[in-house]
Amino acid sequence: MKRFLILAVALVLLVTGCQSKSTKSSGSEEKGKKRIALVLPEKIGVNPFFQQMDDGAKRAGKKYNIDVKTIESTDQAAIESNLRAAVAENYDLIITSSFESEDALKKVAQENPQRQFAIIDTVVDLPNVRSVVFREQEASYLLGAAAGLITKTNKVGMVAADDIPLLKKWTVSFKEGLQSTNPKAEFLVNYVGSFSDPAKAKELAILQASKGADFIAGASAVGDLGVFEAAKEKGFYTAGQDIDRTEVDPEHIVLSQLKGSDAAAYETVEALANDKFKSGVVTYGLKEKGVGLTYVTQDSKTPLSDFVGQDVIDQLKEIKDSIIDGKTVVKDPLAK
């Protein structure tokens with residue numbers, strides 16, 4: 001019996017030792033895995049721009065075996081709190097987005113110079129921040145050029161979120177594109193005063209339609225949903241933003257201005273994975289396929305509307321190539 005007890009104890013010690021060794025090995029592997037926090041300025045599901053960003057980051061994380069955690073912010077104050085929480089949790093890279101996060105990131109990044117940060121869709125000029133921005137003006141110019149070619153009334157509108165400098169990359173460039181293909185066309189623009197007011201956006205779109213606009217572009221973020229409703233009720237044509245919105249209502253949403261927040265997030269994660277992550281400004285335009293227009297730079301599941309027509313698309317492809325080649329220069333309205 002004594003011999004049996006000694007053997008039993010030895011066996012237990014042997015098994016315990018093996019388990020401890022296995023657990024330690026597993027923990028060591030997890031410790032070596034890179035970790036990224038994606039701090040969004042709002043909840044996913046409101047603005048497709050952030051949904052795309054989340055998709056792109058997670059797709060890259062899966063490919064490169066990087067742990068990507070998405071942290072959604074409920075309001076402005078939560079952005080800074082979430083950034084600080086990510087710092088405290090020792091993430092290898094913290095990514096955030098848009099002008100809503102600028103002030104919070106400036107504070108947190110300055111206080112933590114040893115940490116790496118990235119912000120998509122605006123610039124924070126700090127030595128430990130990578131700023132990824134888009135040349136939206138190139139896609140806006142293309143959309144304006146399209147509007148000039150397809151309008152039958154020579155009256156074209158845009159419902160923009162707010163009368164702020166940033167939105168000039170949409171309004172000013174759209175107007176320049178419009179005038180390049182149709183100098184006789186009148187441009188109507190109204191501002192919602194918010195990025196999240198579909199009711200007001202709908203009201204302004206109906207106002208523009210009453211003045212004869214047969215094509216009204218939405219550039220009001222969540223407010224675009226109101227523009228789409230107005231198009232369906234009043235029978236005019238419209239365009240979406242950021243992702244292909246033609247599938248929502250193919251009869252009235254005939255184009256979409258595209259912005260690749262998914263590509264920007266993917267390549268930011270990829271840069272970290274390949275040890276090529278650097279601070280500074282990275283820009284995405286037509287050449288880098290960071291912005292675009294449905295049917296011109298990207299195919300769509302939705303059949304092309306007769307209101308647009310293939311002949312117009314062919315002309316727009318030539319304009320797109322001219323911008324990429326540098327023959328047509330689309331200036332940044334915000335450049336000094």
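The values are calculated or read from the model by the stated rules, or taken from the named source; none is laboratory data. Owing to the predicted nature of the structure, the values given are computational and were not obtained by experimental measurement. Positions of Cβ are generated from backbone atoms using ideal geometry, with glycine treated the same way; all protein chains shown enter the neighbour counts. The protein model used for the area step is the full one, side chains on, heavy atoms only, and it has no ligands, DNA or RNA in it. Shrake-Rupley method; radii C 1.70, N 1.55, O 1.52, S 1.80 Å.
What tally of residues in the stretch 104-122 results from selecting those that are touching a residue at least 12 places away in the same chain (Cβ under 8 Å) and either under 18 Å from Val189 (Cβ atoms) or surrounded by fewer than 22 Cβ atoms within 10 Å (Cβ to Cβ) (or both)?
Filtering the stretch 104-122 for residues touching a residue at least 12 places away in the same chain (Cβ under 8 Å) gives 104-110, 112-122.
From what's left, either under 18 Å from Val189 (Cβ atoms) or surrounded by fewer than 22 Cβ atoms within 10 Å (Cβ to Cβ) (or both): 106-107, 110, 112-116, 122.
Result for the stretch 104-122: 9.
Taking the condition open to solvent by 50 Å² or more (accessible area, probe 1.4 Å) and out of contact with any Leu (no Cβ under 7 Å at 6 or more places or on another chain), does Asp125 pass?
Numbers: open to solvent by 50 Å² or more (accessible area, probe 1.4 Å): yes; out of contact with any Leu (no Cβ under 7 Å at 6 or more places or on another chain): yes.
Spelling it out, Asp125 is indeed open to solvent by 50 Å² or more (accessible area, probe 1.4 Å) and out of contact with any Leu (no Cβ under 7 Å at 6 or more places or on another chain).
Evaluate the following for Ala263: is it of a type in the set (Gly, Ala, Ser), under 16 Å from the mean Cα position of the chain (by Cα) and open to solvent by 10 Å² or more (accessible area, probe 1.4 Å)? Spell out how you get there, then give the answer.
Working: of a type in the set (Gly, Ala, Ser): yes; under 16 Å from the mean Cα position of the chain (by Cα): yes; open to solvent by 10 Å² or more (accessible area, probe 1.4 Å): yes.
Yes, satisfied.
Would a scan of the stretch 46-62 turn up a residue that is within 24 Å of Leu258 (Cβ to Cβ), open to solvent by 60 Å² or more (accessible area, probe 1.4 Å), modelled with pLDDT under 95 and not in a helix (DSSP H, G or I)?
yes
Quick check: is even one residue across the stretch 172-191 of a type in the set (Lys, Arg) and in contact (Cβ under 8 Å) with a residue 60 or more places away in the chain? Break it down stepwise before answering.
First pass over the stretch 172-191, keeping only residues of a type in the set (Lys, Arg): 175, 184.
Cutting the leftovers down to in contact (Cβ under 8 Å) with a residue 60 or more places away in the chain gives us none.
No, the stretch 172-191 contains no residue that is of a type in the set (Lys, Arg) and in contact (Cβ under 8 Å) with a residue 60 or more places away in the chain.
When you go through (1) open to solvent by 10 Å² or more (accessible area, probe 1.4 Å); (2) not in a loop (DSSP other than H, G, I, E, B) one by one for Gly157, which number turns out not to apply?
(1)
Within the group Ser101, Ser140, Ser81, which residue is in contact with a helix residue (DSSP H, G or I) (Cβ under 8 Å, 6 or more places away or on another chain) and within 17 Å of Lys69 (Cβ to Cβ)? Full working, then the answer.
Values: Ser140 fails: within 17 Å of Lys69 (Cβ to Cβ); Ser81 fails: in contact with a helix residue (DSSP H, G or I) (Cβ under 8 Å, 6 or more places away or on another chain).
Just one listed residue meets the conditions, Ser101.
Check Pro250 against each of (1) surrounded by fewer than 17 Cβ atoms within 10 Å (Cβ to Cβ); (2) not in a loop (DSSP other than H, G, I, E, B) and name the one condition it does not meet.
(2)
Name the residue, out of Leu166, Leu105, Leu83, Leu142, that is modelled with pLDDT under 95, among the aliphatic types (A, V, I, L, M), in a helix (DSSP H, G or I) and closer than 29 Å to Glu270 by Cβ. Show your work before the answer.
Details: Leu105 fails: modelled with pLDDT under 95; Leu83 fails: modelled with pLDDT under 95; Leu142 fails: modelled with pLDDT under 95.
Step by step, each of Leu166, Leu105, Leu83, Leu142 is checked, and only Leu166 is modelled with pLDDT under 95, among the aliphatic types (A, V, I, L, M), in a helix (DSSP H, G or I) and closer than 29 Å to Glu270 by Cβ.
Of the conditions (1) in contact with a helix residue (DSSP H, G or I) (Cβ under 9 Å, 6 or more places away or on another chain); (2) open to solvent by 60 Å² or more (accessible area, probe 1.4 Å), Ala335 fails just one. Which one is it?
That leaves (1) as the condition not met.
Mind checking whether some residue in the stretch 282-294 is more than 27 Å from Leu38 (Cα to Cα) and free of Cβ contacts under 8 Å to residues at least 60 places away in the same chain?
yes
May I ask you to list pairs of residues, at least six apart or on different chains, whose Cβ atoms are under 9 Å apart, with the first in the stretch 305-321 being without any contact (Cβ under 8 Å) to a residue 40 or more places away in the chain and the second being open to solvent by 70 Å² or more (accessible area, probe 1.4 Å)?
Asp321/Lys327
Looking only at residues in the stretch 278-294 that are open to solvent by less than 30 Å² (accessible area, probe 1.4 Å) and in a loop (DSSP other than H, G, I, E, B), which one is modelled with the lowest pLDDT?
Gly290
For the stretch 84-94, give me each residue that is more than 16 Å from Leu272 (Cα to Cα), open to solvent by 40 Å² or more (accessible area, probe 1.4 Å) and in contact with a helix residue (DSSP H, G or I) (Cβ under 8 Å, 6 or more places away or on another chain).
Arg84
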